[in-house]
Amino acid sequence: MAIRNVRLEGDPILQKTSKEVKEITPKIRTLIDDMLETMYEKEGVGLAAPQVGVLKRVVVIDVGDGPLVMINPRIVRREGTQTGDEGCLSVPGKAGQVTRPNEVTVRFMDEDEEYYELDGTELLARAICHECDHLDGKLYVDLVEGELRDVVMEDEEE
Ligand code: ZN
């Protein structure tokens, strides 16, 4: 495993659309392992492959309940709204208020090429939406209501 460089806002790769993963190759497994290691090292709650410079539809999330790996994730249900602080490892030292669905159902492939659906609420729903946006080249900063704030590094969330 290795820690990968996290691309920062302004890097054109963060605005590109990622490609579907057709099969789980050893390269994809290494990518997933590295993404998990990078997310934990940077103390984020989620990371999407384009953030480490790979345009594949792979995200990792851990909101405190253990690691989730989602390949080709697609949100198939959205309910309610929540407004709260969001941050991003690609926009270090900043946070801002974003409104997201309070509940989502996401369909994704796991590392054994099996498809699952998972329900997420609150922080997990927010993380799923945030990471899926990265796969379509979108950053949360475009959704922020009001101003982006400076935060100390220890408070960084994603
Ligand atoms: Zn992010």
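What follows draws every value from the coordinates through simple rules; no lab data is involved. The structure displayed is predicted, hence computed values, not measured ones. A quick note on method: Cβ atoms are made from the backbone with ideal geometry, for glycine too, and the neighbour counts reach across all protein chains shown.
Summary table
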| read-out | value |
| --- | --- |
| Long-range lysine pairs (8 or more apart or interchain), the chain, Cα under 21 Å | 13 |
| Calculated log₁₀ intensity ratio I(q)/I(0) where the Debye formula runs over C-alpha points of region 69-129, q = 0.24, 0.26, 0.29 Å⁻¹ | -0.94, -1.00, -1.09 |
| Among Pro73, Pro26, Pro101: highest mean-square fluctuation, GNM of the chain, C-alpha pairs under 10 Å | Pro26 |
| Quotient of Cα Rg and 2.2 N^0.38 Å for region 1-56, N being how many residues it contains | 1.10 |
| Sum of -39500 (n - 2.57) over DSSP H runs of 4+, divided by residues of the chain (222 nm, nearest 500) | -6000 deg cm²/dmol |
| Average projected area [Cα convex hull, region 33-158], square nanometres | 7.1 nm² |
| Karplus-derived 3J(HN,Hα), 6.51/-1.76/1.60, for each residue of region 99-105, Hz, glycine and proline x | 9, 9, x, 7, 8, 9, 10 |
| Residues of region 92-108 with amide N under 18 Å of the 7 Å Cα→Cβ point at Arg77 | 101-108 |
| Amide H within-cut-off set for Leu89, under 5 Å, with H built and near neighbours excluded | Glu158 |
| Order of Tyr115, Tyr140, Tyr40 under a 10 Å beta carbon neighbour criterion, fewest first | Tyr115, Tyr40, Tyr140 |
| Beta bridge orientation in the chain: antiparallel %, DSSP, nearest 5 | 95 percent |
